[in-house]
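A.B. asks: I have a structure here, written as structure tokens, and I will follow up with some questions on it.
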Amino acid sequence: RFQACLYFASVFQAMSCGIHYLASVFMAVTPNFVCGIPGNVSSALFYNSSESSIEDIWTLWTSTENYIVVQLENGEIWELNQCSRSKREVGLNLTYEYKGNKSLFPCSDGFLYDDTKWKSTVVTQWDLVCDREWLAKLIQPTFMLGVLIGAVIFGDIADRLGRQRVIWFTSAGQFVFGVTVAFTFDYYSFVIVRFLLAMVSSGYLVVAFVYVTEFVGIKARTWASMHVHAFFAVGIMIVALVGFLVRTWWIYQIFLSIATLPFVLCCWMLPETPFWLLSEERYEDAQKVINIMARWNKVSTPCKVSGPCSIQQDDLVTGRRDDNDTSSMKKHTILDLFCNWHIARRTITVWLIWFTGSLGYYVFSLSSVSLGGNEYLNLFLIGAVELPCYVIACIGMDKLGRRNTLIPFLILSALICVLIMFIPQDFNVLIILANMAGKFSIGVAFGLIYLYTAELYPTIVRSLAVGSGSMMCRVGSVVAPFCVYLRSVWIFLPLLLVGIMALLSGILTIMLPETLGKPLTNTLEEATEMGRNKKSCSGKTPPAYSGAAFEKIEMFGQDTASTEK
């Protein structure tokens, strides 16, 4: 009961991470626009349609190459393009086609925007179009850069100061910075505050993952850790709902930020994890937490701290028997992930899967609003399809194995990317369903790679392996927005890139060993042998070793080897 309450309280706030990660899909929308004009409009013309105002023209707008002809009250006739405007030298009649002389002018009077869908976005607020369009395209990549840095910083702080304090700070930070974003006065302050928001959001997701895995029992740990991401997906669904209801960007941002306010008000009640307290030798505090857990769970004879402490001390004594091994464990670097050809090939493949999973995840999510049809429904469905994919991932890992689940879903996602290219653009429903299938398949692969990575490497470099893979994941999230922008070059180019990466990852995964039911390795030699001779590692897992070792690894290793979107 105690663990369940802590789990659902902690993962509830994970929704805010999904909210802020994808908030820009509606907040930074670029609506239809044309150059502003130096006067009041008396009539407007778009092809054969004549209207009294430009606002009535937007429903007829079909392409960025279109232009609008307007006549001002002083009789001047102007042609308004998106990034330029021209004044007709001789114009007695208001006609759409004109072959006479024109004077070209820049858009010095600002821009006129289509506000039928969105009353205000950050693009319309600060005119992030034409020669300033690149500023709008930097909004999501700079946020993802903050995600990368925040995960590193707060992961380290959580090891030093404890999980509880970081959860307090990052939860409050998400609320404070989230609301502050709505009141920024210019583009640069907006990007800076969003960068800080990304850091605390990423920090919370990393530390919350560690927090719940240190409280949840080992039998439920795989399911519990996987479904932290399910609440992240719920946050994406909330973005779609709020975006549909609120069409002014700063009000939209405030509503998104207060969605998880209840957790901010009660997060101070969360206790520190006993594992961290024991690692800091705060045995009395750890015992207090254990006693509280016992009362909540109605356990009459709670665990005594002296038990695990004595085991820990015995392990330290045993470890001192071989000074050479102890010193070598302290000297391992990321170069050890390339110590021989078999481990190097394994590392390259694992890094590629991490990168591809993150790239595909965000390409499908960010591009969902450009699929046609109702963009709000599209994003909602893209988020909703994640919920069953983590269930499938858990079942597949336990029944089929890690590799045998990963390979078909990576290759399936590649095939779906190719299939989408052959669907006619008029078939909006079919395109949306195919994108949902692609997000589902890449989500399964993305969900299980963390545990698979931890099992592929020996104890001495396990944290390095998962930590480096997680960094590649974040690099993929930084690259993903730029990949989505390639739609302007060719509409299918982002999908083509994701498909190639997924197919390559799936093929390379065939060479990885299966780890289901096998004992965790301790040395690089054992890990190498697992890849060379699969039969020698296929025996039954010694119960004492696999259970105790895995428990110990997750106790003291997962804080530095945590997954993060």
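The values are calculated or read from the model by the stated rules, or taken from the named source; none is laboratory data. Since this is a predicted model, take the numbers as computed values, not measurements. FYI the Cβ positions are ideal-geometry reconstructions off the backbone, even for glycines, and counts take in every protein chain you see. To get the accessible areas, we keep the full protein, side chains included, count just its heavy atoms, and leave off ligands, DNA and RNA. Shrake-Rupley method; radii C 1.70, N 1.55, O 1.52, S 1.80 Å.
A.B. asks: If I go through segment 489-510 residue by residue, how many of them are assigned to a loop (DSSP other than H, G, I, E, B) and either closer than 20 Å to M436 by Cβ or touching a Leu at 6+ places or on another chain (Cβ under 9 Å) (or both)? It would help to see each step written out before you state the result.
C.D. replies: First, pick out the residues of segment 489-510 that are assigned to a loop (DSSP other than H, G, I, E, B): 489-492, 510.
After this cut, where a residue has to be either closer than 20 Å to M436 by Cβ or touching a Leu at 6+ places or on another chain (Cβ under 9 Å) (or both) as well, the list is 490-492.
Residues that pass the stated criteria total 3.
A.B. asks: With the condition kept exactly as written, say whether any residue in segment 179-189 is closer than 22 Å to S477 by Cα, within 19 Å of the chain's Cα centre (by Cα) and either surrounded by 16 or more Cβ atoms within 10 Å (Cβ to Cβ) or at pLDDT 90 or above (or both).
C.D. replies: Within segment 179-189, not a single residue is closer than 22 Å to S477 by Cα, within 19 Å of the chain's Cα centre (by Cα) and either surrounded by 16 or more Cβ atoms within 10 Å (Cβ to Cβ) or at pLDDT 90 or above (or both).
A.B. asks: Do we have any residue at all in segment 490-497 that's farther than 30 Å from G235 by Cα, at pLDDT 80 or above and surrounded by 15 or more Cβ atoms within 10 Å (Cβ to Cβ)?
C.D. replies: Within segment 490-497, none of the residues are farther than 30 Å from G235 by Cα, at pLDDT 80 or above and surrounded by 15 or more Cβ atoms within 10 Å (Cβ to Cβ).
A.B. asks: Any residue that is buried (at least 16 other Cβ atoms within 10 Å of the Cβ) and in contact with a Cys (Cβ under 6 Å, 6 or more places away or on another chain) - is there at least one of those in segment 60-70?
C.D. replies: Within segment 60-70 (the criterion being buried (at least 16 other Cβ atoms within 10 Å of the Cβ) and in contact with a Cys (Cβ under 6 Å, 6 or more places away or on another chain)), the answer is no, since none of the residues qualifies.
A.B. asks: Test L504 against the criterion of being under 23 Å from N404 (Cβ atoms), in contact (Cβ under 8 Å) with a residue 60 or more places away in the chain, assigned by the TED database to the domain that holds C417 and among the aliphatic types (A, V, I, L, M), and give yes or no. Walk me through how you get there before you give the answer.
C.D. replies: On the way: under 23 Å from N404 (Cβ atoms): yes; in contact (Cβ under 8 Å) with a residue 60 or more places away in the chain: yes; assigned by the TED database to the domain that holds C417: yes; among the aliphatic types (A, V, I, L, M): yes.
So L504 passes the test.
A.B. asks: Hey, can you tell me all the residues within segment 424-444 that are part of a helix (DSSP H, G or I) and either open to solvent by 60 Å² or more (accessible area, probe 1.4 Å) or among the small types (G, A, S) (or both)?
C.D. replies: From segment 424-444, those part of a helix (DSSP H, G or I) are 428-444; that's our starting set.
Listed by number, the residues that qualify are V429, L430, L433, A434, A437, G438, S441, G443.
A.B. asks: Let me ask another. Within segment 333-345, take every residue that is in contact (Cβ under 8 Å) with a residue 12 or more places away in the chain and open to solvent by 10 Å² or more (accessible area, probe 1.4 Å) and give me the one that is nearest to L495 (Cα to Cα).
C.D. replies: As a first pass, look at segment 333-345 and keep what is in contact (Cβ under 8 Å) with a residue 12 or more places away in the chain: 333-334, 336-337, 339-340, 342-343, 345.
Imposing the further condition that a residue be open to solvent by 10 Å² or more (accessible area, probe 1.4 Å) reduces the set to 333-334, 336, 339-340, 342, 345.
Values: T333: 35, I334: 32, D336: 34, C339: 35, N340: 34, H342: 31, R345: 26 Å.
Applying the filter and picking the extreme gives R345.
A.B. asks: Collect the residues in segment 168-177 that are farther than 14 Å from L197 by Cα and either surrounded by 21 or more Cβ atoms within 10 Å (Cβ to Cβ) or without any contact (Cβ under 8 Å) to a residue 12 or more places away in the chain (or both), keeping them in residue-number order. Working first, answer last.
C.D. replies: First, pick out the residues of segment 168-177 that are farther than 14 Å from L197 by Cα: 168.
If the condition is that a residue be farther than 14 Å from L197 by Cα and either surrounded by 21 or more Cβ atoms within 10 Å (Cβ to Cβ) or without any contact (Cβ under 8 Å) to a residue 12 or more places away in the chain (or both), then no residue fits.
A.B. asks: Related question: V385 versus (1) touching a residue at least 12 places away in the same chain (Cβ under 8 Å); (2) within 29 Å of L464 (Cα to Cα): which is the lone unmet condition?
C.D. replies: Looking at each condition in turn, V385 falls short on (2).
A.B. asks: Can you name the residue in segment 445-470 that is more than 25 Å from G150 (Cα to Cα) and in a helix (DSSP H, G or I) and is also least open to solvent (accessible area, probe 1.4 Å) among such residues? I'd like the intermediate steps shown before the answer.
C.D. replies: First, pick out the residues of segment 445-470 that are more than 25 Å from G150 (Cα to Cα): 455-460.
Those left that are additionally in a helix (DSSP H, G or I): 455-456, 459-460.
Working: E455: 21, L456: 0, T459: 54, I460: 43 Å².
Looking at the filtered set, the residue picked out is L456.
A.B. asks: On to the next question. Scanning segment 224-274 for residues that are open to solvent by 10 Å² or more (accessible area, probe 1.4 Å) and aromatic (F, W, Y), which turns out nearest to the chain's Cα centre (by Cα)?
C.D. replies: Among those that are open to solvent by 10 Å² or more (accessible area, probe 1.4 Å) and aromatic (F, W, Y), it is F231.
A.B. asks: What's the number of the only condition in (1) open to solvent by 30 Å² or more (accessible area, probe 1.4 Å); (2) more than 19 Å from the chain's Cα centre (by Cα); (3) of a type outside the set (A, V, I, L, M, F, W, C) that K137 fails to meet?
C.D. replies: Looking at each condition in turn, K137 falls short on (2).
A.B. asks: For segment 394-412, state whether one or more residues are surrounded by 20 or more Cβ atoms within 10 Å (Cβ to Cβ) and outside any helix (DSSP H, G or I).
C.D. replies: Within segment 394-412, none of the residues are surrounded by 20 or more Cβ atoms within 10 Å (Cβ to Cβ) and outside any helix (DSSP H, G or I).
A.B. asks: Now a separate question. Given the criteria closer than 27 Å to L516 by Cβ, open to solvent by 30 Å² or more (accessible area, probe 1.4 Å) and of a type in the set (S, T, N, Q), does T213 qualify? Write out each step before concluding.
C.D. replies: Numbers: closer than 27 Å to L516 by Cβ: yes; open to solvent by 30 Å² or more (accessible area, probe 1.4 Å): no; of a type in the set (S, T, N, Q): yes.
So T213 fails the test.
A.B. asks: Looking at V41, is it open to solvent by 10 Å² or more (accessible area, probe 1.4 Å), more than 44 Å from the chain's Cα centre (by Cα), aliphatic (A, V, I, L, M) and more than 30 Å from V228 (Cβ to Cβ)? Before the answer, list the steps.
C.D. replies: Values: open to solvent by 10 Å² or more (accessible area, probe 1.4 Å): yes; more than 44 Å from the chain's Cα centre (by Cα): yes; aliphatic (A, V, I, L, M): yes; more than 30 Å from V228 (Cβ to Cβ): yes.
Yes, satisfied.
A.B. asks: Now a separate question. How about segment 191-282: which helices (runs of 4 or more DSSP H) wholly inside it have at least 1 residues that are touching a strand residue (DSSP E or B) at 6+ places or on another chain (Cβ under 7 Å) and within 24 Å of T124 (Cβ to Cβ)? First the steps, then the outcome.
C.D. replies: Details: elements: 221-226, 228-245, 249-257, 261-266, 274-279.
Ranges flagged: 249-257.
A.B. asks: Quick check, is F26 open to solvent by 40 Å² or more (accessible area, probe 1.4 Å), at pLDDT 85 or above and part of a helix (DSSP H, G or I)?
C.D. replies: Numbers: open to solvent by 40 Å² or more (accessible area, probe 1.4 Å): no; at pLDDT 85 or above: yes; part of a helix (DSSP H, G or I): yes.
No: the conditions fail for F26.
A.B. asks: For L197, work out the one condition from (1) under 24 Å from T273 (Cβ atoms); (2) open to solvent by less than 10 Å² (accessible area, probe 1.4 Å) it doesn't fulfil.
C.D. replies: The number of the failed condition is (1).
A.B. asks: If you don't mind, another one. At pLDDT 90 or above and open to solvent by less than 50 Å² (accessible area, probe 1.4 Å), is that true of V369? Walk me through how you get there before you give the answer.
C.D. replies: Values: at pLDDT 90 or above: no; open to solvent by less than 50 Å² (accessible area, probe 1.4 Å): yes.
The answer is no for V369.
A.B. asks: Could you figure out which of (1) hydrophobic (A, V, I, L, M, F, W, C); (2) open to solvent by less than 30 Å² (accessible area, probe 1.4 Å); (3) modelled with pLDDT under 90 isn't true of V391?
C.D. replies: Going through the list (1) hydrophobic (A, V, I, L, M, F, W, C); (2) open to solvent by less than 30 Å² (accessible area, probe 1.4 Å); (3) modelled with pLDDT under 90, V391 breaks only (2).
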